[in-house]
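Quick notes on the structure that follows.
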Amino acid sequence: MEKQFKKVRVLFTIPNFDKAGGGKALLKIALNLNRKFYEPLICCSHGSGNFFETVKKSGIKIYFHKTTHSMIPRIKGLIKCFKLAKYFKSLGPDLIHSFHYGPDYSEALSSWIVGIPWVYTKKNMNWGGTSKNGWFLRSIFASRIIIQNRDMSKFFPKNNKVHFIPRGVDTSEFFPRSKSKKLIGKYCIHSNEKIILTVANLIPVKNIEILIESFQYMIISNNNLRLIIVGDTDNEYGQKLISKSIDQIEKEKIIFTGKILNVYDYLSIADVFVLPTNNVGEGSPVALLEALASGVVSIGSKVPGIKDILSPFQANLFDPNDSFDLTEKLKKLLISNNNELVKKQLSHITNNYSIAIETSRHEEIYQSEIGS
């Protein structure tokens, strides 16, 4: 008779699925856990956002409950923590994995009160200032801490709770494809035109203006270029970028697509992908991983998160403060035969950044925390 295993119930928490980046990462891990040994659960504050429809279709049990709250005043904050602890206990998880991106520690304290191991993923390079104490307490109450790039280790000196697990990409979803005829027709792209692409949440840290400046310089001598910017422009920074592009160059040469849930087609028509994030850096940018897995030659700024992923391709890193450096690298790649580079990129992703590798490393942490 086959031995029966008690499945480990992992409760994934996240504020919401409005911004699909973190939500996609959570869902990919949850879906790829070995269901013989694990039962994933999800808890979020509400069900809005386009990506939530995908989450619902996953078949994973979803709970709606706010799992973070203010700890000021302290007494009221502690009372709320005891109530949240009671709620967590009622769900019966063996472990809680938080994908909350901020320095809140109320969820961690609530888990600690009820004795449920609590793991969190550090997803960004924020730490100091007014949030420093929050991050410190969050880390004190955590059972394990997952960092997504090596530069994050500076936040946790000599802390044996810390584990390095970069993001993974689903290579059955992102792979080299034929150019999308639909998009070529939609934007009237000629066969001799080269496409520069970026995919980003359009906020100042993404530093898209340096890419626009570089493109403006290149197009003076080469009119057969297009820049496609995929990202939600319905904010102050997005509108600023649109104004900048209209003022500086021919409007049709820069395409703002708005928010796109699935970017496969855009990656299929790109000749070069660029992620020009400023010195603040990234966690482990999935947009870059998706571009690499899709066979698109990719370059990025030499900042945390990006420089980890592109470490074997040092020539494809540029100074985020130097538009000339970016321009020179773009020019070289746009006139080169990049077939060998693409092969190396694909091999790099398969061997180091697949969703299977990411999930396996999470399973190892879960098992080491609760025991086999």
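The values are calculated or read from the model by the stated rules, or taken from the named source; none is laboratory data. Note that the structure is predicted; figures quoted are calculated from it, not measured. Here the Cβ is made from the backbone with ideal geometry for all residues, glycine too, and neighbour counts use every protein chain on show. Keep in mind that these areas ignore ligands, DNA and RNA; they rest on the heavy atoms of the full protein, side chains included. Shrake-Rupley method; radii C 1.70, N 1.55, O 1.52, S 1.80 Å.
Here are some notes:
- Verdict on Leu346 being open to solvent by less than 10 Å² (accessible area, probe 1.4 Å) and either of a type in the set (A, V, I, L, M, F, W, C) or over 28 Å from Ala30 (Cα atoms) (or both): no
- Number of the condition not met by Ile140 [criteria: (1) closer than 19 Å to His65 by Cβ; (2) part of a helix (DSSP H, G or I)]: (1)
- Residue list for segment 331-366, restricted to those being over 30 Å from Ile220 (Cα atoms), in a helix (DSSP H, G or I), touching a residue at least 24 places away in the same chain (Cβ under 8 Å) and not hydrophobic (A, V, I, L, M, F, W, C): Lys344, Gln345, His348, Thr350, Asn352, Glu358, Thr359, Arg361, His362, Glu363, Tyr366
Yes or no, residue by residue, for (1) of a type in the set (Gly, Ala, Ser); (2) modelled with pLDDT under 95:
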{"residue": "Ile75", "(1), (2)": "no, no"}
{"residue": "Phe82", "(1), (2)": "no, no"}
{"residue": "Phe88", "(1), (2)": "no, no"}
{"residue": "Pro93", "(1), (2)": "no, no"}
{"residue": "Gly102", "(1), (2)": "yes, yes"}
{"residue": "Tyr105", "(1), (2)": "no, no"}
{"residue": "Leu109", "(1), (2)": "no, no"}
{"residue": "Gly115", "(1), (2)": "yes, no"}
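- Any hit, segment 135-143, residues being in contact with a Pro (Cβ under 9 Å, 6 or more places away or on another chain), without any contact (Cβ under 8 Å) to a residue 40 or more places away in the chain and open to solvent by 70 Å² or more (accessible area, probe 1.4 Å): yes
- Residue in segment 215-230 that is charged (D, E, K, R) and open to solvent by 50 Å² or more (accessible area, probe 1.4 Å) present: no
- Number of the exception - Asn159 against (1) within 19 Å of Tyr366 (Cα to Cα); (2) crowded, with 17+ Cβ neighbours inside 10 Å: (2)
- Filter pass, Arg144 being modelled with pLDDT of 95 or more, within 30 Å of Phe88 (Cα to Cα) and among the basic types (Lys, Arg): yes
- Taking segment 67-78 as the range and being in a loop (DSSP other than H, G, I, E, B) and surrounded by 14 or more Cβ atoms within 10 Å (Cβ to Cβ) as the test, the residues that pass are Thr67, Thr68, His69, Met71.
- One residue from Lys181, Lys194 being loosely packed, with under 14 Cβ neighbours inside 10 Å, farther than 30 Å from Asn32 by Cβ and of a type in the set (D, E, K, R): Lys181
- Near pairs, Cβ below 8 angstrom, 6+ apart or cross-chain, from segment 303-315 (touching a residue at least 40 places away in the same chain (Cβ under 8 Å)) to any residue that is of a type in the set (Asp, Glu): Pro304/Asp151; Pro304/Glu282; Gly305/Asp151; Gly305/Glu282; Asp308/Asp151
- Residues that are open to solvent by less than 80 Å² (accessible area, probe 1.4 Å) and either closer than 22 Å to Val342 by Cα or not basic (Lys, Arg) (or both), drawn from segment 197-207: Leu197, Thr198, Val199, Ala200, Asn201, Leu202, Ile203, Val205, Asn207
- Verdict on Pro15 being more than 17 Å from the chain's Cα centre (by Cα) and more than 20 Å from Gly92 (Cβ to Cβ): no
- Yes/no for Tyr264 being under 29 Å from Pro40 (Cα atoms), open to solvent by less than 10 Å² (accessible area, probe 1.4 Å) and hydroxyl-bearing (Ser, Thr, Tyr): no
- Test for Glu53: is it open to solvent by 30 Å² or more (accessible area, probe 1.4 Å) and of a type in the set (Asp, Glu): yes
- Among (1) surrounded by 12 or more Cβ atoms within 10 Å (Cβ to Cβ); (2) not in a strand (DSSP E or B), the one test that Gly59 misses: (1)
- Within segment 124-143, being out of contact with any helix residue (DSSP H, G or I) (no Cβ under 6 Å at 6 or more places or on another chain) and closer than 22 Å to Ile165 by Cβ holds for Asn124, Met125, Asn126, Trp135, Phe136, Ser139, Ile140.
- Restricting attention to segment 86-109, the residues that are open to solvent by less than 40 Å² (accessible area, probe 1.4 Å) and within 26 Å of Phe37 (Cβ to Cβ) add up to 12.
- Filter result for Phe51 (in contact with a Leu (Cβ under 9 Å, 6 or more places away or on another chain) and of a type in the set (Phe, Trp, Tyr)): yes
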